[in-house]
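Quick notes on the structure that follows.
The values are calculated or read from the model by the stated rules, or taken from the named source; none is laboratory data. Everything quoted here is computed from the prediction, not taken from an experiment. All Cβ positions, even for glycine, are placed from backbone atoms using ideal geometry, and neighbour counts span all protein chains on display.
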Amino acid sequence: MTEDRATDPTHQGSHWYDAEAGPLVRPYAMTGGRTEPGPGGARFDFIALVDLAGNAPGSAEESLLGPEHRALVELCRLETQSVAELSAGADLPVGVVRVLLGDLLEAGYIEVSRPVPPAQLPDERILKEVIEGLRAL
């Protein structure tokens, strides 16, 4: 009887089964243990816009992708979306989405538009002068 409970995934003590969600897949399994996007050094900010590439590989090549990669491609096919929106739409952690997007970028499936950089901060020297001027008042 003990052996049956140990192999039964519905057993309450099991860490690999959730009664409502079904079998769980750990994030490191989806990314092959990677925590950063590929060697290209791509950086995916939350607000970086992701779109399907104009010359994206066809559906035959797409069938070779994993289910999470295909889900992201489908979301990009609908409309241009931010990394945060893709994470929510695919119901995946942002860290996992960043790694998967790195794979898709490297394979030529997506294009990424970087957000406009924020306005340059004032020079440190100017800030010190302002502080000194305020103290002098």
query: Which one of these does residue 72 not meet: (1) surrounded by fewer than 18 Cβ atoms within 10 Å (Cβ to Cβ); (2) at pLDDT 90 or above?
result: (1)
message: Of all residues being in a loop (DSSP other than H, G, I, E, B) and in contact with a helix residue (DSSP H, G or I) (Cβ under 8 Å, 6 or more places away or on another chain) in the stretch 40-55, which is modelled with the lowest pLDDT? Just the residue, please.
response: 40
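Results for (1) surrounded by 12 or more Cβ atoms within 10 Å (Cβ to Cβ); (2) at pLDDT 85 or above, shown as yes or no for each residue.
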position: 88; (1), (2): yes, yes
position: 97; (1), (2): yes, yes
position: 102; (1), (2): yes, yes
position: 105; (1), (2): yes, yes
position: 110; (1), (2): yes, yes
position: 117; (1), (2): no, no
position: 124; (1), (2): no, no
position: 132; (1), (2): no, yes
task: Could you check how many residues of the stretch 72-92 are assigned to a helix (DSSP H, G or I) and within 12 Å of the chain's Cα centre (by Cα)?
output: 9
